[in-house]
Amino acid sequence: MLKRIACLAGAIIGGTTLSQAPEYTQQYSQRLAGAVDELATVVAQFDADAAAFGLTREEGLERYDASTDQFLAERGMSMRGVVERYERLSEQLAQLRAALPATRVVEVARYFDTDVGAAALEDFRPALPLTLEGLAYVLIGFLGGFALLWMVVTLLSAPFRQRRSRVRISRI
C-alpha cells in the first residue's frame, strides 16, 4: 500500500514537472526572439556605419583588427562576437520555429543558450497545460514518475522483504 502511495506521489510530481516543459519552451522562445531582435538592431547599425564609409561588415571588422589602438582592437573582437552570436541565435530561432510542437523541447535542449535560458528561468511562471502538447507531457511525466518511483521503492525495499518458504506437499 505504501509503495502505491509513493508511486502515485511520484507520478503526480513527474506529471506536474514535465507539464511545464512546453511553457518553459514558449517563454525561452520569446526571450530568444527578443535577443535576436536586439542583436539584429546592433548588427544593422554596424553594417550601416560600415556602408557609410564604403565598407562591408567584414571590412569594417578587419579595420578594427588592424588597429594598433588596443581599445579599438578589443572593440573589434567584441563586435565580431556580437555578429557571431546574432547568427547563432537567429539560426536557433529559425530551427525552433520550424520544429513540431512535440520536438520543440528537444530543439531548445539541442541549441540551448545559457544567457537566454537563465533569463527565461528567472522570469518563468508555471502555467496550466491546456494544449494537446501539454497534456502529452503531463501523461509522459505521470507515467515516468510512477515507473521511476516504482523501481526505486522496489529496489530499496528488496532487502527488507520476508521470504516465504515454500513447502512442497507431495501427493502419494
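The values are calculated or read from the model by the stated rules, or taken from the named source; none is laboratory data. Not measured: the values here are computed from a predicted model. Here Cβ is always computed from backbone atoms with ideal geometry, including for glycine, and neighbour counts include all displayed protein chains. Accessible surface is based on the protein model in full, side chains and every heavy atom, while ligands, DNA and RNA are left aside. Shrake-Rupley method; radii C 1.70, N 1.55, O 1.52, S 1.80 Å.
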>> Checking residue 13 against (1) at pLDDT 95 or above; (2) β-branched (Val, Ile, Thr); (3) under 30 Å from residue 145 (Cα atoms): exactly one of these is not met. Which one?
In response: (1)
>> So if I check each of 80, 85, 97, which one is charged (D, E, K, R), assigned to a helix (DSSP H, G or I) and modelled with pLDDT under 95?
In response: 97
>> Looking only at the stretch 66-77, count every residue that is assigned to a helix (DSSP H, G or I) and free of Cβ contacts under 8 Å to residues at least 12 places away in the same chain and tell me the total.
In response: 7
> Could we say that residue 32 is in a helix (DSSP H, G or I) and either among the small types (Gly, Ala, Ser) or within 22 Å of the chain's Cα centre (by Cα) (or both) here?
Replying inline: yes
> Taking the stretch 52-109 as the search range and keeping residues that are farther than 14 Å from residue 36 by Cβ and among the basic types (Lys, Arg), which one is most open to solvent (accessible area, probe 1.4 Å)?
Replying inline: 63
> Could you give every pair whose Cβ atoms fall below 6 Å, whose first residue belongs to the stretch 98-118 and is farther than 19 Å from residue 86 by Cβ, and whose second residue is loosely packed, with under 12 Cβ neighbours inside 10 Å, counting only separations of at least 6 or pairs across chains?
Replying inline: none
> In the stretch 19-32, which residues are touching a helix residue (DSSP H, G or I) at 6+ places or on another chain (Cβ under 7 Å) and either among the polar types (S, T, N, Q) or surrounded by fewer than 16 Cβ atoms within 10 Å (Cβ to Cβ) (or both)?
Replying inline: 19, 25, 27, 29
